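The values are calculated or read from the model by the stated rules, or taken from the named source; none is laboratory data. Predicted model only: the values in this text are computed from it and were never measured. Please note: Cβ atoms are built from the backbone with ideal geometry, for glycine as well, and neighbour counts cover all protein chains shown.
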Amino acid sequence: MSKKKRILFVCATGIATSTVVEEKVCNYLRSQGIDFEADQRNVGSVPSIGNDFDLIVATTQIPYEVNAPVISGLSILTGLGADETLQKIKDILAK
Amino acid sequence: MEGIYKGLYDFVQYFLGLGAIVMLPIVIFVLALCFRIKPSKAFRSALTVGIGFVGVFTIFSLMGDQVGPAAKAIVTRTGLNLPDVDLGWAPLSAITWGSVIAPFAIVLTLIVNLVMLAFKWTKTVDIDIWNYWHFAFAGALVYIATGNFFLGLLATGIAAVVIIKIADWCAPLTQKYCNLPGISLPTLSSAVFFPIGLLGNWILDKIPGLNKLQADPVHIQKRFGIFGEPMMIGFILGVLLGLLAGYDFKGILTLAIYLAAVMYILPRMVRILMDGLIPVSDGVKDFMAKRFPDRKDFYIGLDIAVAVGNPAIIATGLLLTPISILLAFIVPGNETLPVADLSNLAVFCSMIVVACNQNIVRAVIISIPCLIGDLLICSAASPLITQLATTVGYDISAAGGSNITAFLDGGNPFRYLIYQVFSGNVVAVVIAVVVAVLVFLTYKLTYKQTHPEAVEN
């Protein structure tokens with residue numbers, strides 16, 4: 001059995017926009033039957049904990065170097081192109 | 001007839017007396033139904049908001065219990081008088097959501113935005129419903145000061161119009177620097193500082209020597225990265241306050257760990273509140289999208305949070321953290337100890353950084369007078385904010401009898417100016433006129449900078 005994938009949701013304060021994105025992404029992934037863990041932080045915390053995650057979904061730029069792939073969650077906020085972004089997230093976790 | 005009127009009055013009074021923890025879920029439930037959300041989902045959402053409220057208030061008292069006595073000890077030991085506790089924007093928004101004016105302010109802001117769009121006065125479709133509280137807060141302050149509900153709503157409307165216009169104004173720059181195509185940022189707490197940043201940048205550009213200075217964001221992030229994590233800010237601040245209060249080893253570490261806990265847990269509690277608002281937020285989004293299906297030439301108005309990842313903005317926010325603490329101790333007349341809002345300085349400075357074309361040195365120079373203003377204003381506004389908090393059921397004894405305020409959002413100069421103007425302060429009216437003229441001049445002076453496409457043509 002493979003280890004559970006961990007997703008980090010990031011925005012400026014770790015409160016508002018990342019909550020919306022986290023809710024949408026988690027609902028989608030659960031509906032697809034994917035097993036995962038999620039956490040949420042402000043962007044300033046990324047340098048110290050970012051490398052503990054398999055994927056970072058951020059509503060803002062991540063101005064640091066991290067090992068995990070970073071996906072922009074902006075489309076999920078605006079609704080334009082949200083489906084493609086969700087699909088991309090699923091593909092990364094399925095690897 | 002009089003009996004009916006009396007009955008209605010009693011009912012409204014009873015409703016208001018329920019307190020935010022009961023009243024806000026009821027309001028959210030009704031709002032959700034208005035946006036055609038299923039009753040079961042609306043109920044769940046309303047209950048979640050109530051739970052978030054309980055969480056916020058709990059952490060809030062925890063903070064008061066710790067910071068209150070330390071602040072008193074600091075006063076007796078050093079003579080520094082910083083009795084007002086900075087809660088940060090999050091509890092302030094919770095308090096505003098719980099105020100009577102909030103549900104009306106949400107609907108009003110929507111109408112204002114729709115009217116502006118219909119008359120082509122703006123390109124911004126503001127779907128960022130969480131930040132409607134900024135407008136509602138302006139209204140709540142005016143309502144508390146004047147006792148007139150309609151003046152409160154008027155203040156909300158004015159705040160909304162001005163901020164939506166500023167969002168249009170800075171959109172070309174935020175789109176360019178923050179990689180946000182088709183997006184504008186109508187968040188009051190940062191938008192207000194955009195004209196100040198533009199004017200400041202224009203002036204600094206004329207000063208020989210100073211106009212050559214640059215700083216490297218990567219280097220600053222490495223040196224000051226510790227201020228990026230709220231828990232670290234809390235811990236460092238706790239140690240500092242413990243030392244100033246003359247606590248022993250155990251006391252210092254206890255305070256530091258409690259403050260780290262507050263900074264770490266508070267966003268999680270607010271998050272619950274936000275979770276509960278998602279269905280209503282989605283309802284608003286659909287509502288706007290249906291009315292303006294051709295969104296191609298519109299900007300979608302989002303939370304300023306999406307811009308804050310810009311390296312120059314983060315670096316400026318990190319630099320301003322120790323600067324703010326220092327300012328709090330040395331600015332005469334300041335009575336506020338910045339705590340919770342210290343982790344939100346990147347939000348505060350974001351539009352200044354953008355206005356300075358991402359020059360960190362200039363952004364810091366312009367931010368300092370703004371922060372001094374914020375400190376003085378949030379100290380002056382603390383009795384009013386405390387009063388507003390009590391009307392939604394906050395127990396004043398929680399902060400050891402100290403007044404509460406919020407460093408950045410309680411100290412916002414634009415909202416305070418609106419409040420002063422509506423309170424009939426003649427000086428404030430004059431200042432408002434001067435500010436309006438200055439903003440207009442700034443618009444003309446910096447026209448090329450904010451209209452890159454006009455230059456190319």
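Below is a table of values for the structure above.
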| item | result |
| --- | --- |
| Odd one out for B:PHE249, checked against (1) free of Cβ contacts under 8 Å to residues at least 12 places away in the same chain; (2) surrounded by 15 or more Cβ atoms within 10 Å (Cβ to Cβ) | (2) |
| Number of the condition not met by B:ILE166 [criteria: (1) within 18 Å of the chain's Cα centre (by Cα); (2) modelled with pLDDT under 95] | (2) |
| Pair list, Cβ < 6 Å and 6+ apart or interchain, from the range B:350-373 residues that are closer than 20 Å to B:PRO208 by Cα to residues that are at pLDDT below 95 and not in a helix (DSSP H, G or I) | B:ILE360/B:ALA215; B:VAL361/B:LEU213; B:VAL361/B:ALA215; B:ARG362/B:CYS356; B:ALA363/B:CYS356 |
| Residue match in the range B:194-210 (condition: modelled with pLDDT under 85, touching a Ser or Thr at 6+ places or on another chain (Cβ under 8 Å) and either surrounded by 22 or more Cβ atoms within 10 Å (Cβ to Cβ) or among the aromatic types (Phe, Trp, Tyr) (or both)) | no |
| Those residues of the range B:413-457 which are in contact with a helix residue (DSSP H, G or I) (Cβ under 7 Å, 6 or more places away or on another chain), part of a loop (DSSP other than H, G, I, E, B) and under 17 Å from B:TYR143 (Cβ atoms), in sequence order | B:SER423 |
| Options B:GLY152, B:GLY157, B:GLY147; residue that is small (Gly, Ala, Ser), surrounded by fewer than 24 Cβ atoms within 10 Å (Cβ to Cβ) and in contact (Cβ under 8 Å) with a residue 40 or more places away in the chain | B:GLY157 |
| Of residues in the range A:43-55 being away from chain B (no Cβ under 11 Å) and touching a helix residue (DSSP H, G or I) at 6+ places or on another chain (Cβ under 8 Å), the one farthest from A:THR85 (Cα to Cα) | A:ASP54 |
| Residues (of a type outside the set (Phe, Trp, Tyr) and within 12 Å of chain A (Cβ to nearest Cβ)) located in the range B:248-264 | B:MET263 |
| Any chance B:GLY301 is under 28 Å from A:ASP39 (Cα atoms), surrounded by fewer than 24 Cβ atoms within 10 Å (Cβ to Cβ) and touching a helix residue (DSSP H, G or I) at 6+ places or on another chain (Cβ under 9 Å) | no |
| Qualifying residue in the range B:210-222 (condition: part of a helix (DSSP H, G or I), within 30 Å of B:TYR258 (Cα to Cα), among the β-branched types (Val, Ile, Thr) and within 14 Å of chain A (Cβ to nearest Cβ)) | yes |
| Of the criteria (1) under 28 Å from B:PRO230 (Cβ atoms); (2) at pLDDT 80 or above; (3) within 14 Å of chain A (Cβ to nearest Cβ), which one B:ILE325 fails | (3) |
| Enumeration of residues in the range B:328-365 that are within 14 Å of chain A (Cβ to nearest Cβ), on the phi < 0 side of the Ramachandran plot and not small (Gly, Ala, Ser) | B:ASP341, B:LEU342, B:ASN344, B:LEU345, B:VAL347, B:PHE348, B:CYS349, B:MET351, B:VAL353, B:VAL354, B:ILE360 |
| Residue within the range B:191-211 that is within 13 Å of B:LEU302 (Cα to Cα) and in contact with a strand residue (DSSP E or B) (Cβ under 9 Å, 6 or more places away or on another chain) present | no |
| The range B:97-116: number of residues that are in contact (Cβ under 8 Å) with a residue 60 or more places away in the chain and either in contact with a Phe, Trp or Tyr (Cβ under 6 Å, 6 or more places away or on another chain) or within 14 Å of chain A (Cβ to nearest Cβ) (or both) | 2 |
| In the range B:88-121, the residues that are at pLDDT 85 or above, part of a loop (DSSP other than H, G, I, E, B) and crowded, with 24+ Cβ neighbours inside 10 Å | B:GLY88, B:ILE101 |
| Unique match (being over 23 Å from B:TYR177 (Cβ atoms), touching a Gly at 6+ places or on another chain (Cβ under 9 Å) and modelled with pLDDT under 85) among B:LYS290, B:LYS296, B:LYS285 | B:LYS285 |
| Tally of residues being closer than 17 Å to A:TYR28 by Cα, crowded, with 18+ Cβ neighbours inside 10 Å and of a type in the set (A, V, I, L, M) across the range A:46-92 | 11 |
| Odd one out for B:PRO181 among (1) out of contact with any Ser or Thr (no Cβ under 8 Å at 6 or more places or on another chain); (2) surrounded by fewer than 19 Cβ atoms within 10 Å (Cβ to Cβ); (3) more than 14 Å from chain A (Cβ to nearest Cβ); (4) not aliphatic (A, V, I, L, M) | (3) |
